[in-house]
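What follows is a set of notes on a single structure, which appears directly below.
The values are calculated or read from the model by the stated rules, or taken from the named source; none is laboratory data. Fair warning: this is a prediction, and the values are worked out from it, not measured in the lab. Note: ideal-geometry Cβ built from the backbone for every residue, glycine included; neighbour counts use all protein chains shown. Each accessible area value is taken on the protein alone, full model and side chains, heavy atoms only, with ligands, DNA and RNA left out. Shrake-Rupley method; radii C 1.70, N 1.55, O 1.52, S 1.80 Å.
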Amino acid sequence: MRLFIAALIPESVRERLAQARESLRRAAPDRAVRWVAPENYHITLLFLGEQDEAQIPAILAAMESARAGVAPFEIAVQGLGVFPNWNRPNVLWAGVSQGAQSLAQMAGALERALLSAPSGKPFHPHITLARLKTPCRDAEGLKKRLHDATQRLAPAAFGHYALESISLMQSALTPDGSVYTELHRVALASGS
Ligand code: 2AM
């Protein structure tokens, strides 16, 4: 089974992101842009990839230890950008302007506990809104339309919420795209 650990997003933030998605989609209605369905929005803490079901207890234990000492904290979702950069946009994302440090602390602890070879890549908490297939026809035009549309949405504040748990998620690949299911939820350590 294909697994990842994520911080989920409440309905209020999801709705505001979905509104932005619609205005971006109108600005760049290209087939080269694969829009993520709003019900799938999340912040990935660690992608685990294909895992045996027998690994789940060890993964839950790592989640328990990563949340130790992390009380529920505020996450503000704000800003739009692309990975790796506007010359070669592959992923269009919404960013995190508050709470990034606590997310990074948990992501680091999960990576140390669960990956034999840490990626070494810096952790950039984000919500993927779309994936771009480039090169595509009129790639320059697409980049410009998307760039201008994201600039128009600035400062692009999508709301904030208290993160109270982290979730073990399963990703099933289907012809219609990925379907995510929450398998387990681990509460943050309230009061510590
Ligand atoms: P992304 O949002 O930046 O694309 C489920 O696939 C989640 O795991 C996605 O949010 C995805 O991040 C993240 N992820 C990280 N590395 C991945 C990989 N190698 N393959 C698929 N998803 C990955």
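Among the strands (runs of 3 or more DSSP E) lying completely within region 1-118, list those that include at least 1 residues that are basic (K, R) and more than 19 Å from the chain's Cα centre (by Cα).
Values: elements: 2-8, 33-35, 42-50, 73-85, 88-98.
It comes to 88-98.
Quick check: anything in region 134-155 within 30 Å of A68 (Cα to Cα), outside any helix (DSSP H, G or I) and in contact (Cβ under 8 Å) with a residue 12 or more places away in the chain? Don't jump to the end; show me each part of the working.
Of region 134-155, the ones within 30 Å of A68 (Cα to Cα) are none.
Among the residues of region 134-155, not one is within 30 Å of A68 (Cα to Cα), outside any helix (DSSP H, G or I) and in contact (Cβ under 8 Å) with a residue 12 or more places away in the chain, which makes the answer no.
Among the residues of region 1-25, which ones are free of Cβ contacts under 8 Å to residues at least 12 places away in the same chain, closer than 25 Å to L142 by Cβ and open to solvent by 70 Å² or more (accessible area, probe 1.4 Å)? Before you say what the answer is, go through the steps one by one.
Narrowing region 1-25 to residues free of Cβ contacts under 8 Å to residues at least 12 places away in the same chain: 11, 19, 22, 25.
When the remaining residues are screened for being closer than 25 Å to L142 by Cβ, the result is 19, 22, 25.
Correct list: Q19, R25.
Hey, could you check region 38-84 for residues that are among the small types (G, A, S) and open to solvent by 30 Å² or more (accessible area, probe 1.4 Å) and say which is nearest to the ligand (Cβ to nearest atom)?
Filtering region 38-84 for residues among the small types (G, A, S) gives 49, 54, 58, 61-62, 65-66, 68-69, 71, 76, 79, 81.
Then keep just the ones that are open to solvent by 30 Å² or more (accessible area, probe 1.4 Å); that gives 54, 58, 61, 65, 68-69, 71.
Numbers: A54: 21, A58: 19, A61: 21, S65: 21, A68: 23, G69: 25, A71: 25 Å.
Per the criteria, the residue is A58.
Here's the yes/no breakdown for (1) within 16 Å of L46 (Cβ to Cβ); (2) touching a helix residue (DSSP H, G or I) at 6+ places or on another chain (Cβ under 8 Å):
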{"position": "L80", "(1), (2)": "no, yes"}
{"position": "S102", "(1), (2)": "yes, no"}
{"position": "T128", "(1), (2)": "yes, no"}
{"position": "K144", "(1), (2)": "no, no"}
{"position": "Y161", "(1), (2)": "no, yes"}
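Please name all residue pairs, on different chains or six or more residues apart, with Cβ atoms under 7 Å, provided the first residue is in region 59-74 and is among the hydroxyl-bearing types (S, T, Y) and the second residue is part of a helix (DSSP H, G or I).
Taking only residues 6 or more apart or on different chains, the pairs are S65/A109; S65/A113.
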